[in-house]
Amino acid sequence: MRINYSTVANDNLASYRYRIKIPAEYLRKWGHEVVIGKAECADVGVFSKHFNKHDPEYARQPTRYGRVVFDVCDYHLDGPYREHYERMMTLADVITVGTGELGMMINKYLGHDVTVIQDPYEFEEKEPKYKGCDRLLWFGHASNLSPLIREVNNGVLDGKKLMVVSNPNGVIHTVPWSIESMNQGFEECDVVIIPQQDTRKNRCKGANRMVESIRSGRFVIANEMPAYKQFKEWMFLGDIQEGLEWLKQNKSEIRDRIAMAQTYVQQTFSPEKISRQWQSVLTSDVGTKTYQDI
């Protein structure tokens, strides 16, 4: 089967790596022809994001695709891109999302049914490690920095060594994102912190920062978000300062908690398992009508 991911994204975008690049590698391995880039004729056309204003034009051309899938990576129904997302979801045969919360929002406000496919992990699993809580790591896009700045300004991180892996922002010193800098950050830190703002958009976000931290053998302290609830048994969810204090009182169980979380992550977020879910979505109801037949 021929699959066309119509996208202008690249490796610098997490959603591209998690939701296009990694699944595409497995789909090719399983015998599918996968084209990533400009819109081309295919049995299935997969669209995501809002970077290409011509996506609705391509998606509606009946001679281009046998089937159209629109992957909604983030919640944009309250912002300037709402019209684009509404048009693409109306044109799509199937809508996929990364979290159940995002799926519920789309169903509630637009009435569309969706299929949930979470993001896979991309980092190698490392041995659980914990020596204290003095060296902290935060990583992510600069658009998510304001909750971290809040914790810094409130003095929550006073006396801690903080490494921030992100794109330059003019507010706080960062190490530019790369696989190498991420591995360095995980190796040097004691704990990963993920402060969040409780907004509709953030509640719809996936768990990839939690997942990658666990894969790398590190304990996570994060504000509560729907996608993180599945890790509540092992990681600390709640106030960041309370989490740091809790950590001091529960040192002996941290490595075991990380190890148990790693087992869950391996069973739930493996790239092969997630890619099988993509294959099921992309190939279902395809075959009676292909792009060559139209």
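FYI, it's all coordinate maths here, none of it is from the lab. Keep in mind that what you see is a predicted model, and the values were worked out from it rather than measured. Note that we place each Cβ from the backbone using ideal geometry, even for glycine, and neighbour counts take in every protein chain shown.
General observations
- Full extension of the chain between Glu124 and Gln266 yields a length gain of 50.1 nm, computed as 0.36 nm times the residue separation minus the alpha carbon distance.
- Here, segment 183-235 yields an orientationally averaged convex hull projection of 3.5 nm² when only Cα atoms define the hull.
- Here, segment 135-269 yields an orientationally averaged convex hull projection of 7.8 nm² when only Cα atoms define the hull.
- Close amide H partners of Val175, meaning residues 5 or more places away or on another chain with modelled amide H under 5 Å apart, are Val164, Val165, Ser166.
- In degrees, nearest ten, helix 82-91 long axis to first principal axis of the chain (Cα): 50 degrees
- Entries in Lys131/Lys273; Lys160/Lys248; Lys21/Lys273; Lys29/Lys229 that, when Cα-Cα distance is taken, lie over 23 Å: Lys131/Lys273; Lys29/Lys229
- Taking the average, over residues, of other Cβ atoms within 10 Å as the packing measure, peptides 7-16, 202-211 rank 202-211, 7-16 from highest down.
- With neighbours defined as other Cβ atoms within 10 Å of a residue's Cβ, the residues Val68, Val46 order from fewest to most as Val68, Val46.
- When both segment 59-100 and segment 194-254 are represented by their alpha-carbon centers, they are found 30 Å apart.
- Hull volume in cubic angstrom per residue (convex hull over the Cα atoms of the chain): 128 Å³
- Local electrostatic count at Ile179 - Lys and Arg +1, Asp and Glu -1, tallied over other residues with Cβ under 14 Å: -2
- Taking the convex hull of the alpha carbon positions in segment 42-147 and averaging its projected area over all directions gives 9.8 nm².
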